[in-house]
Amino acid sequence: MKAVLKMRRAGIMKRTSLISILLILIISVMPCSAADFSLPAVTVGTNSSGEQEYSLSMQVLLFLTALTVLPSLVMMMTSFTRFIIVMSILRQAIGLQSAPSNQILVGMSLFMTMFVMSPVFNQIYDTAIVPYNEDQISGRQAFELAQKPLKTFMLSQTRVKDLNSFMEYSGEKADKPEDLSMKVIIPAFMVSELKTAFQIGFMIFLPFLVIDLVVASILMAMGMMMLSPVLIALPFKLMLFVLVDGWSMIIGTLISSFGIGTGGG
């Protein structure tokens with residue numbers, strides 16, 4: 001019973017973290033056509049016989065439907081993808097199955113995402129949310145202003161080849177990348193992030209692979225065929241990772257890959 005409660009609490013904490021990021025970015029990923037933030041839940045109409053009919057607003061229906069997709073979109077529109085993939089590859093390279101646990105990796109990735117994306121979030125808040133709350137701009141203008149910082153961030157991490165590919169797939173044309181719609185920029189950004197994450201993961205995997213090969217060769221030369229090379233190599237890989245201050249190195253490399261701390265934005 002305690003184990004079940006513990007799992008439920010972990011699930012609640014994970015969903016709470018996801019909702020936090022969702023609430024920050026929701027204004028920038030909703031379609032421009034939904035410029036009115038008021039969502040009347042029930043509409044009242046009069047039919048041909050004079051009787052009143054109650055129906056669920058189409059806006060609420062579309063909004064609730066979008067909520068099921070928004071968490072995935074938000075995760076793929078930020079630096080979260082790169083962090084979680086590299087962390088998972090690192091754990092696999094060391095040879096650990098459950099340490100750090102999935103919850104720890106997701107938590108680290110979320111907090112590092114908040115760190116990397118904080119300038120973008122602050123810009124969205126200052127240029128879109130604050131003016132809208134003060135009735136200085138309309139809802140449509142707020143959406144357009146909120147998308148600009150996200151577009152700038154995603155385009156800075158997107159390869160031109162991937163961007164051109166999705167422009168060709170969609171048939172959309174634009175004089176400048178900033179003029180492209182989100183339906184082109186988001187998938188191009190996701191593909192670029194996956195490629196970048198696997199490139200970084202490959203470079204991280206190499207030194208641990210060398211240790212595995214050396215240990216396996218030594219055991220084979222000594223005739224110890226029945227002894228698992230993975231079991232012997234694990235403490236050496238852990239020792240190497242600790243001696244080089246691996247966590248700081250990995251986190252620093254990932255942060256600098258977004259241009260932070262190197263003169264970038």
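Read-outs: derived from the displayed coordinates by stated rules, not from any lab. Computed from a predicted structure; not experimentally measured. Note that each Cβ is placed from the backbone with ideal geometry, even for glycine, and that neighbours are counted across all protein chains shown.
Observations on the model:
- Stokes-Einstein translational diffusion, the range 115-252 - Kirkwood Rh over all Cα pairs, 1.306 mPa s, 10 °C, in µm²/s: 83 µm²/s
- With coordinates expressed along the principal axes, the C-alpha atoms belonging to the range 120-179 extend over 41, 21, 15 Å, beginning with the largest.
- The modelled label-to-label distance between Ser88 and Ser156, using points 7 Å beyond Cα along the C-beta direction, is 2.6 nm.
- Long-range tail of P(r) for the range 58-142 (Cα pairs > 23 Å, %): 46 percent
- Candidate aspartates and glutamates - alpha carbon under 16 Å from Lys237, same-chain residues fewer than 8 apart omitted: Asp212, Asp245
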